[in-house]
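Trainee: So that we are looking at the same thing, I have put the structure below in structure tokens.
The values are calculated or read from the model by the stated rules, or taken from the named source; none is laboratory data. These numbers come from a predicted model, not from an experiment. Please note: Cβ atoms are built from the backbone with ideal geometry, for glycine as well, and neighbour counts cover all protein chains shown.
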Amino acid sequence: MIENPLAKKLEDRSIILASGSPRRKRFFEEMGIPFEIRIPDVNEVYPDHLQAAEISNYLAELKASALHSDLNPGEILITSDTVVWHENTSLAKASTTKEAEEMLQKLSGKWHQVITSVCFTTVAAQNTEHCITRVKFRSLTHGEIAYYVANYQPFDKAGAYGIQEWLGAVGIEEIQGSYNNVVGLPSHLVYKTLMNMVA
């Protein structure tokens, strides 16, 4: 039987995924990487002067700092954060229906960037990488936006949408870059970085 190349390299390591996201959990399962989950307790606030990838880098590293003291030798902690960047503004998770609808109206008919930073932390070192994907929505009607928000409740997603859901299927005209990154994790980047870390 031919072994998974990365799983073989990680035989003497333990991967800690610091995320409660079912989407990120699924990507790790699909990559065939054994892992355990530890959820960091952090207040996800960043300095106002940060922009674009600086924000997601900062938050991914902030999450790592909350768990670093509990790391053991041989463990690799993976933390991540996703930012939707549009017209020099970060569109975070919406907390109300009105906020979600307003975010989607801003994205309607325009390009935006989905930026995910992934921080790899061991007892001795830390490395943060990020991936940028450009996404364009066609012009969305108020009815389409209202239907999506009411039925899919996208309040746990940056930019108030999930590309794998109804709005992505009917509303996205073009994508440049990693699709998985928009779903929630640049899995190709995680795989490549881990392969290099344990080379």
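Trainee: Looking for something in contact (Cβ under 8 Å) with a residue 12 or more places away in the chain, out of contact with any Ser or Thr (no Cβ under 6 Å at 6 or more places or on another chain), under 17 Å from S19 (Cβ atoms) and assigned to a loop (DSSP other than H, G, I, E, B) - is there at least one such residue anywhere in the stretch 45-62?
Mentor: So far as the stretch 45-62 goes, no, none of its residues is in contact (Cβ under 8 Å) with a residue 12 or more places away in the chain, out of contact with any Ser or Thr (no Cβ under 6 Å at 6 or more places or on another chain), under 17 Å from S19 (Cβ atoms) and assigned to a loop (DSSP other than H, G, I, E, B).
Trainee: Is there a residue being β-branched (V, I, T), closer than 25 Å to L104 by Cβ, at pLDDT 95 or above and under 17 Å from the mean Cα position of the chain (by Cα) anywhere in the stretch 42-55?
Mentor: So the first thing to find is which residues in the stretch 42-55 are β-branched (V, I, T), and the list is 42, 45, 55.
Adding the requirement that they be closer than 25 Å to L104 by Cβ leaves 45, 55.
In the following step, the residues that additionally are at pLDDT 95 or above were identified as 55.
If we keep only those that are under 17 Å from the mean Cα position of the chain (by Cα) too, we end up with 55.
Yes, some residue in the stretch 42-55 is β-branched (V, I, T), closer than 25 Å to L104 by Cβ, at pLDDT 95 or above and under 17 Å from the mean Cα position of the chain (by Cα).
Trainee: Additional query: Does S90 satisfy the condition of being of a type outside the set (D, E, K, R) and outside any strand (DSSP E or B)?
Mentor: Details: of a type outside the set (D, E, K, R): yes; outside any strand (DSSP E or B): no.
For S90, the condition - of a type outside the set (D, E, K, R) and outside any strand (DSSP E or B) - is not met.
Trainee: Given the conditions (1) closer than 20 Å to C131 by Cα; (2) touching a residue at least 60 places away in the same chain (Cβ under 8 Å), which single one is not true for I33?
Mentor: (1)
Trainee: Another one. Any chance the stretch 132-141 includes a residue that's under 17 Å from T97 (Cα atoms), over 20 Å from the mean Cα position of the chain (by Cα) and of a type outside the set (A, V, I, L, M)? I'd like the intermediate steps shown before the answer.
Mentor: Residues of the stretch 132-141 under 17 Å from T97 (Cα atoms): 140-141.
Still in the list and also over 20 Å from the mean Cα position of the chain (by Cα): 140-141.
Narrowing the set further to residues that are of a type outside the set (A, V, I, L, M) leaves 141.
Taking every residue of the stretch 132-141 in turn, at least one turns out to be under 17 Å from T97 (Cα atoms), over 20 Å from the mean Cα position of the chain (by Cα) and of a type outside the set (A, V, I, L, M).
Trainee: Starting from residues that are of a type in the set (D, E) and farther than 23 Å from K192 by Cβ, keep the ones in the stretch 26-49 and report whichever is surrounded by the most Cβ atoms within 10 Å (Cβ to Cβ).
Mentor: That would be E44.
Trainee: Cβ-Cβ under 6 Å, sequence separation 6+ or interchain: first residue in the stretch 126-148 and farther than 23 Å from V83 by Cβ, partner at pLDDT 95 or above and loosely packed, with under 14 Cβ neighbours inside 10 Å. Which pairs?
Mentor: S139/G109
Trainee: Any residue in the stretch 176-199 that is touching a residue at least 12 places away in the same chain (Cβ under 8 Å) and at positive phi sitting within a Cβ distance under 7 Å of a residue that is outside any loop (DSSP other than H, G, I, E, B) and of a type in the set (S, T, N, Q)? List the pairs, counting only those 6 or more apart or interchain.
Mentor: From residues that are touching a residue at least 12 places away in the same chain (Cβ under 8 Å) and at positive phi, the pairs are G177/T133; G184/T82.
Trainee: For the stretch 107-165, name all the residues that are within 20 Å of S178 (Cβ to Cβ), touching a helix residue (DSSP H, G or I) at 6+ places or on another chain (Cβ under 9 Å) and among the aromatic types (F, W, Y).
Mentor: F120, F137, Y161
Trainee: Out of the stretch 150-199, which residues are among the basic types (K, R), surrounded by fewer than 16 Cβ atoms within 10 Å (Cβ to Cβ) and assigned to a loop (DSSP other than H, G, I, E, B)?
Mentor: Listed by number, the list is empty, since nothing qualifies.
Trainee: Any residue at all in the stretch 97-107 that's among the β-branched types (V, I, T) and within 23 Å of P186 (Cβ to Cβ)?
Mentor: No, there is no match, as no residue in the stretch 97-107 is among the β-branched types (V, I, T) and within 23 Å of P186 (Cβ to Cβ).
Trainee: What are the residues in the stretch 1-25 that are farther than 23 Å from A124 by Cβ and either exposed (fewer than 14 other Cβ atoms within 10 Å of the Cβ) or touching a residue at least 60 places away in the same chain (Cβ under 8 Å) (or both), if any?
Mentor: M1, I2, E3, N4, P5, G20, S21, P22, R23, R24
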